[in-house]
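The values are calculated or read from the model by the stated rules, or taken from the named source; none is laboratory data. On a predicted model such as this, the values are computed, not experimentally measured, just so you know. Note that each Cβ is placed from the backbone with ideal geometry, even for glycine, and that neighbours are counted across all protein chains shown. These accessible areas exclude ligands, DNA and RNA; they are computed on the full protein's heavy atoms, side chains included. Shrake-Rupley method; radii C 1.70, N 1.55, O 1.52, S 1.80 Å.
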Amino acid sequence: MSRTLLFACDLSAENRAAFGRAIRLANEEGARLDILHVLDPYLPRRVLRELEAAVVDDIQATMTDLREDYALPEPPHLIQIVTGAAFAEIIRESHEREADMIILGTHRKRGHPDLVSGTTLARVLRSAPCPVLTVCQPPTSEWRDILLPLDFSLACRRTLREALSRFPEARLELLHAWSIPGERELGSDSGFANWRDHQVARLRHQLQKDIDQLMEEFNQVPELELVLEQGEPLDVLMAHLLRQPPDLLALGNRSQCGRHSQITSRLLSELHCDIMLCRAW
C-alpha cells in the first residue's frame, strides 16, 4: 500500500519551507503528496469558484519554483481545495486519506504561548490521527541529528518507532530528565548521594533495555546516544535545545482534548527546529 503525506498549504511565506520539505519527503519515501488548501466557506459562491482556480494555479507555480530552487523531482501529487474551518478539514482529510503524516508550516504567533493555543497548528496537533510535522527550516538542511525526549509513555514509544523507521540513517539522541525525591534536602549527604547514583544507574539500565527491545524490530538502526540529565522535563529540554539545537525534534504528543501539555505549548511558541509530534495511537 502506498504512503500518503498530507500537506496543508496556506500560501504564506512561512509555509514555503514546509512545502519544500513536503516535496522532498514525498520523493524520499516514495509517497503521494496530497496538497490541501482550505477556503472560507462564507465567501460568495462566485468568488469561491474564481478563488479556487487562482489558488490551484498559485500552488502549482509555487511547487514549480520550489522544485527548481532545490533541484527536487516532482512527486505524485494531488491538489484539493475545500471550504470550512481549516483545522477541522485537515483532520477530516487526514482520516479519509489515511495519511501517514500531516505537514504544516509554522505559525506567526511566536513568543506568546497563550496566543498559540488557538492556531490551526495547535488544534491539528490536539486531534491528528497520525504524526504531525511542523517545519521552520529550509528543505536543504539534512536531518542528521534527531533529539527525542524519552520517558516510559506509550506516546514516546510510538515516537521512537516512527523515528527509527523513517530516519534510519540519522543520529538519534535520546534525552531523559530525571528527578529524585529528597534531592534538595539531602543532596549533600554522602549516603543519599550513593543511593541516588544507584537509582540513576538502574534507570539508565531500564531505559537501555527498553530501547534494545525496540531495536529488534528494525533491520537498520541509526546511531544512538542515551543522555540522562537532572531536572524538570521542560527545563531540561529547553536548555538542551538552546545549547545544542537538533535538526529535528521528535516528541511524543500527550496533549489532552481541549488543551496542550506545557511542553508542547512552550515549543510551539519558541521554535528552535523542525518538530515531529506523534500520538500513542
Between a residue in segment 170-185 that is farther than 17 Å from Glu229 by Cβ and any residue that is part of a strand (DSSP E or B) and open to solvent by less than 30 Å² (accessible area, probe 1.4 Å), which pairs come within a Cβ distance under 8 Å, given they are 6 or more apart or on different chains? Ala170/Ile146; Ala170/Leu248; Arg171/Ile146
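Restricting to segment 193-246, what's the tally of residues that are part of a strand (DSSP E or B) and open to solvent by 90 Å² or more (accessible area, probe 1.4 Å)? Outline the logic, then answer.
Filtering segment 193-246 down to residues part of a strand (DSSP E or B) leaves 223-230.
With open to solvent by 90 Å² or more (accessible area, probe 1.4 Å) added as a condition, the list becomes 223, 230.
Summing the residues that are part of a strand (DSSP E or B) and open to solvent by 90 Å² or more (accessible area, probe 1.4 Å) in segment 193-246 gives 2.
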Restricting segment 247-267 to residues that are small (Gly, Ala, Ser) and open to solvent by less than 40 Å² (accessible area, probe 1.4 Å), which is modelled with the lowest pLDDT? Ser255
For segment 85-94, does any single residue satisfy the condition of being among the basic types (Lys, Arg), surrounded by fewer than 17 Cβ atoms within 10 Å (Cβ to Cβ), more than 20 Å from Cys136 (Cβ to Cβ) and more than 24 Å from the chain's Cα centre (by Cα)? no
Residue satisfying all of: in segment 5-35; under 13 Å from Ile79 (Cα atoms), surrounded by 20 or more Cβ atoms within 10 Å (Cβ to Cβ) and not aliphatic (A, V, I, L, M); nearest to the chain's Cα centre (by Cα) among these: Phe7
Among the residues of segment 4-15, what is the count of those that are within 20 Å of Glu142 (Cβ to Cβ) and in contact with a Ser or Thr (Cβ under 7 Å, 6 or more places away or on another chain)? 0
